[in-house]
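Accompanying notes for the structure given below.
The values are calculated or read from the model by the stated rules, or taken from the named source; none is laboratory data. All values derive from a computational prediction rather than experimental measurement. Glycine also receives a Cβ, built like all others from the backbone with ideal geometry; neighbour counts cover every protein chain displayed. The accessibility values were calculated without ligands, DNA or RNA, using every heavy atom of the protein model including side chains. Shrake-Rupley method; radii C 1.70, N 1.55, O 1.52, S 1.80 Å.
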Amino acid sequence: MRTRRRPVPAGQAIARVLTLALLALSCPAWAQLPPLMLAGRYHADVDPAGYWVSEKLDGVRALWNGQQLLFRSGNPVAAPAWFVAGLPPEPLDGELWVGRGRFEQLVGAVRTQEPDDAAWRQVKYMVFDLPAHGGTFTERIDAMARIVSGAGRPWLQRVAQRRVADREALQREFERVVRAGGEGLMLHRADALRVAGRTDAILKYVPWLDDEARVIAHVQGKGKYTGMLGALLVEAPDGRRFRIGTGFTDAQRREPPPPGTLVTYRYRELTGKGLPRFPSFLRIRDLP
C-alpha cells in the first residue's frame with residue numbers, strides 16, 4: 001500500500017529549522033555530520049531494472065566524516081581506537097552491523113561509552129554510500145570498492161549491490177532475503193546523485209510498513225505493567241502525535257527510550273485521519 005506524506009505546516013517547518021540550529025550549537029559534531037539521505041518506499045509502479053539492489057541490514061546507521069565516527073543523531077560513536085584507525089579520509093555512510101537477527105547484541109556493543117573490545121571485534125562497518133562524492137550511484141559503487149579495498153581493514157566492508165532484470169526477479173530476491181532472516185531490500189537508482197533528505201532515489205522494500213517518530217513522553221503502564229512503561233507518546237516528522245503501546249520487551253518497559261529519542265515502529269496501514277493503525281515498537285533508531 002502506498003501512503004502519502006502530508007506537507008509540513010510552515011510553523012512546524014520554522015520550529016524544525018530552529019531545532020536544527022540549536023543542535024548544531026549544542027553538539028559540534030552534529031554540525032560536521034554529512035547530509036543524510038533518507039529512503040522512500042518501494043511500490044509496484046517502480047521498475048527495478050534502473051536500480052541497484054542490496055539487502056537492508058538491521059544495524060545502526062553511522063557516518064564517518066573523515067575524522068570521527070558519528071551516530072545519525074550527530075553524537076560520537078565510542079568505538080575502540082583500532083576500529084577507526086586507518087579509516088579513509090573520505091566521508092562514509094553505512095551501518096554498524098553484527099549479523100542478521102543480532103540487533104540487540106549490536107546495540108549492547110555500540111552504545112557503551114567505554115568500548116568492550118571483545119564485543120567490537122564482532123562489529124563490521126558496512127558502507128553503502130559516499131556523502132562527498134559527486135557522481136551517480138553507479139560511480140559511487142566503483143569508488144566505494146576502491147576506497148574499502150585500499151583501507152585494508154577487515155571490519156570495513158562494502159554492502160554488496162546487484163542488478164535485477166524486472167519485478168519478478170526483484171520479488172524472488174526479496175523472498176530469498178526474508179526467508180534467510182533479512183529485513184528486506186534497499187534499491188538505489190543507478191543514475192541518481194546523492195541528495196539530502198527523503199528521496200525516491202533510494203527505496204526500501206520490507207514486508208511491513210514502518211516509519212520513524214520522536215519520543216515525546218512516557219505513558220505509565222497499568223495492570224501487569226504497573227510501574228513500567230505502558231506506551232510511548234511520539235510525534236511524527238509532520239507533527240502527528242500518537243501512542244505506541246506494543247512491541248516492547250519487559251526490559252525495554254523498565255528502561256524505555258527517553259524523550260527526544262528517534263524510534264522506528266511498524267504498522268499495518270494509515271487510518272482515515274492519517275495515523276498509523278496498530279503501531280508496534282521496532283527499535284531505537286538513533287543512539288545517545
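Is it true that A192 is surrounded by 14 or more Cβ atoms within 10 Å (Cβ to Cβ) and not in a loop (DSSP other than H, G, I, E, B)? Considered against the rule, which asks whether it is surrounded by 14 or more Cβ atoms within 10 Å (Cβ to Cβ) and not in a loop (DSSP other than H, G, I, E, B), A192 comes out as no.
Quick one: which helices (runs of 4 or more DSSP H) lie wholly within the range 42-148 and hold at least 2 residues that are open to solvent by less than 10 Å² (accessible area, probe 1.4 Å), more than 18 Å from A190 (Cα to Cα) and not basic (K, R)? Here the list reads 103-110. Number of residues in the range 226-251 that are open to solvent by 40 Å² or more (accessible area, probe 1.4 Å), over 14 Å from Y267 (Cα atoms) and of a type in the set (G, A, S): the value is 2. Name every residue in the range 254-276 that is of a type in the set (K, R) and out of contact with any Phe, Trp or Tyr (no Cβ under 6 Å at 6 or more places or on another chain), in order of residue number. R254, K273 - these are the residues of the range 254-276 that are of a type in the set (K, R) and out of contact with any Phe, Trp or Tyr (no Cβ under 6 Å at 6 or more places or on another chain).
Screening the range 206-271 for strands (runs of 3 or more DSSP E) wholly inside it with 3 or more residues that are under 30 Å from E173 (Cα atoms) and touching a residue at least 12 places away in the same chain (Cβ under 8 Å) returns the ranges 209-220, 262-267. Residues in the range 170-182 that are part of a helix (DSSP H, G or I), farther than 13 Å from A44 by Cα and not aromatic (F, W, Y): R172, E173, E175, R176, V177, V178, R179. Can you name the residue in the range 120-138 that is small (G, A, S) and at pLDDT below 95 and is also farthest from G66 (Cα to Cα) among such residues? Checked the range 120-138; the qualifying residue farthest from G66 (Cα to Cα) is G134. Residues that are free of Cβ contacts under 8 Å to residues at least 12 places away in the same chain and loosely packed, with under 11 Cβ neighbours inside 10 Å within the range 158-171 comprise just one, E168.
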